[in-house]
């Protein structure tokens, strides 16, 4: 483990629960995994970023809150961090939409003022950047000690499209959870799915998720398998909810009603805890990933489904192309619902193929178990801080 003087800190800058978003959940999961890895003497704190920060809504490990859409708040927070001698390293989570200014440029104001070493994780790296995006990413890269990305394709884009020094880039995959130990048959009884073949999609709902494609595909799927049930698990994305209320969810429900699919589609309006999520994935026969963005660099929902041993049918996007092959899943070219239905029917008709596909998906993601991801962060932090670290357990690949 990392040895350090008492009360030395690593500070994460990220959205954080109770905010409901993928990056907030990611950071919380990473911190839970990394705390045992770096030892009791090295504290992990969080600076929560929020458009409308209310400090009282956060609990430890959040120790400060920054309004990332207010340049003065960004600069004041950098100064506050600089004054805290116990903070030795800052780890920043980055999406352009998380920070104010053109292309998230308020982050640059923060970074220019920051006097601590920092690493930054790009959750998305888009190809062929325009001049402004290129300039911002290159400036961040020059200031950072390391840039973390979660896929080989993102690393390639940083090198080829953004001209970032290869030595600055570190690939650490998105983490995944341990699987539910409960048998699928028992879980289907628990969730009132005893006699169903279950297809699942989960995550915060928005039009970009393409859920309507899965719903429309159920017309054809349910004709072949009347017992098929499509579970859509998740709340409406908070930003979308603020802008237009439940317009998108109501649209999905109308699709269900118009196509008489009430017995074959279930919208679960819930932000489920990890244990319950892994139970839903354990009972899933086929996972559907219908997101419309072909440039999406990474998806926690996609990787969780793979690590849970689900057979996957996915729209074509960056991570799917990197992770799926003939053994681990089926990629469809963002086309019509008929193609999705056709492949789902094939897998439902062929249980052996479906289960083998799930097994290969499970094996493909063993290095992404959170404990392994935490160990890779520990090594990176150690190199950044020039600390001694005991990596006797860091090279283990955990089968969960």
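The values are calculated or read from the model by the stated rules, or taken from the named source; none is laboratory data. Note that this is a predicted model, so its numbers are computed, not measured. Cβ sites come from the backbone with ideal geometry, for glycine too, and all protein chains shown count toward neighbours.
The table that follows gives values for the structure above.
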{"item": "Evaluation of residue 127 against (1) assigned to a helix (DSSP H, G or I); (2) touching a helix residue (DSSP H, G or I) at 6+ places or on another chain (Cβ under 6 Å) (one fails), failing number", "result": "(1)"}
{"item": "Sole residue being under 28 Å from residue 279 (Cβ atoms) and at pLDDT below 95, chosen from 240, 233", "result": "240"}
{"item": "Positions within segment 259-283 being farther than 19 Å from residue 246 by Cβ and within 19 Å of the chain's Cα centre (by Cα), in sequence order", "result": "273, 274, 275, 276, 277, 278, 279, 280, 281, 282"}
{"item": "Residue among 96, 106 that alone is within 17 Å of residue 133 (Cβ to Cβ), in the same structural domain as residue 380 (by TED's automatic domain parsing) and crowded, with 19+ Cβ neighbours inside 10 Å", "result": "106"}
{"item": "From the options 193, 199, 267, residue that is outside any strand (DSSP E or B) and either surrounded by fewer than 19 Cβ atoms within 10 Å (Cβ to Cβ) or in contact with a strand residue (DSSP E or B) (Cβ under 8 Å, 6 or more places away or on another chain) (or both)", "result": "193"}
{"item": "Selected residue (only one of 76, 88 is more than 19 Å from residue 384 (Cα to Cα) and surrounded by fewer than 20 Cβ atoms within 10 Å (Cβ to Cβ))", "result": "76"}
{"item": "Identity of the residue in segment 70-100, in a loop (DSSP other than H, G, I, E, B) and touching a helix residue (DSSP H, G or I) at 6+ places or on another chain (Cβ under 7 Å), that ends up farthest from residue 141 (Cα to Cα)", "result": "100"}
{"item": "Selection from segment 311-323 of residues that are closer than 11 Å to residue 361 by Cα and modelled with pLDDT of 95 or more", "result": "311, 312"}
{"item": "Sole residue being farther than 30 Å from residue 195 by Cβ and outside the structural domain of residue 125 (by TED's automatic domain parsing), chosen from 296, 356, 349", "result": "296"}
{"item": "Answer from 19, 65 - the residue that is closer than 24 Å to residue 103 by Cα, at pLDDT 95 or above and surrounded by 17 or more Cβ atoms within 10 Å (Cβ to Cβ)", "result": "65"}
{"item": "Residues (assigned to a strand (DSSP E or B) and within 23 Å of residue 296 (Cα to Cα)) located in segment 202-230", "result": "202, 205"}
{"item": "Any hit, segment 334-344, residues being under 21 Å from residue 153 (Cα atoms) and surrounded by fewer than 20 Cβ atoms within 10 Å (Cβ to Cβ)", "result": "yes"}
{"item": "Flag for residue 158 being closer than 28 Å to residue 338 by Cα and assigned to a helix (DSSP H, G or I)", "result": "no"}
{"item": "Residue within segment 208-226 that is under 30 Å from residue 33 (Cβ atoms), at pLDDT below 95 and buried (at least 22 other Cβ atoms within 10 Å of the Cβ) present", "result": "yes"}
{"item": "Positions within segment 227-243 being crowded, with 18+ Cβ neighbours inside 10 Å and more than 17 Å from the chain's Cα centre (by Cα), in sequence order", "result": "228, 229, 230, 231, 232, 240, 241"}
